[in-house]
């Protein structure tokens, strides 16, 4: 019996994930989730307590923010730089969001919604971003002029927006970000921007 309950709960969560990834959080109502899972909606209340609790459970159990690449210790490569590590982190986040429909929807929900799912997604993001900046501080001596938190906020916002636009199926500033070639152009621009801002300070 317990196994049946666990399987049903897993099916419900998978149904909610599929709806959100495809159509957004607003589309994930109780009736829609129950229909997609092939269960009576009574089970959503019995097993989760309601829609908000179900979405919070989903936020806890699914990856709503991609892992950022870890900084490279100078003694591992002999040439690790702050610009290189920051670029690698930003690109790993952008690529992760581009490849993860649920994470993209979670990122979008943080801009447009104030529900529990959006709050939990924002908390997951903030935890990962703080870890990212802490790792950069631990591995590199920062130039005195650098406000690392502000720089990461601005550049990460650009990376997030590029990933969101990659799923919009519409040109953005002349780039078709669904195309790998144009996505690569955006990545190169981001890399050159970081190098222009930080490269001289490290040379």
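Just to be sure before I move on: is residue 69 touching a helix residue (DSSP H, G or I) at 6+ places or on another chain (Cβ under 8 Å), surrounded by fewer than 18 Cβ atoms within 10 Å (Cβ to Cβ) and not assigned by TED's automatic domain parsing to the domain that holds residue 21 in the structure I sent? No.
Of all the residues in the range 159-183, those that are assigned to a helix (DSSP H, G or I) and in contact with a helix residue (DSSP H, G or I) (Cβ under 7 Å, 6 or more places away or on another chain) number 7.
Can you confirm whether residue 97 is over 25 Å from residue 29 (Cα atoms), in a helix (DSSP H, G or I) and touching a residue at least 40 places away in the same chain (Cβ under 8 Å)? Against the criterion (over 25 Å from residue 29 (Cα atoms), in a helix (DSSP H, G or I) and touching a residue at least 40 places away in the same chain (Cβ under 8 Å)), residue 97 does not qualify.
With the structure loaded, tell me whether residue 56 is within 30 Å of residue 139 (Cβ to Cβ), touching a helix residue (DSSP H, G or I) at 6+ places or on another chain (Cβ under 7 Å), surrounded by fewer than 21 Cβ atoms within 10 Å (Cβ to Cβ) and at pLDDT below 90 or whether it fails that test. Here the answer is no, as residue 56 does not meet what is asked.
Residues that are in contact with a strand residue (DSSP E or B) (Cβ under 8 Å, 6 or more places away or on another chain), in contact (Cβ under 8 Å) with a residue 24 or more places away in the chain and either not in a helix (DSSP H, G or I) or not assigned by TED's automatic domain parsing to the domain that holds residue 56 (or both): does the range 184-202 have at least one? For the range 184-202, residues in contact with a strand residue (DSSP E or B) (Cβ under 8 Å, 6 or more places away or on another chain), in contact (Cβ under 8 Å) with a residue 24 or more places away in the chain and either not in a helix (DSSP H, G or I) or not assigned by TED's automatic domain parsing to the domain that holds residue 56 (or both): present.
The values are calculated or read from the model by the stated rules, or taken from the named source; none is laboratory data. Computed from a predicted model, the values in this text were never measured in an experiment. FYI the Cβ positions are ideal-geometry reconstructions off the backbone, even for glycines, and counts take in every protein chain you see.
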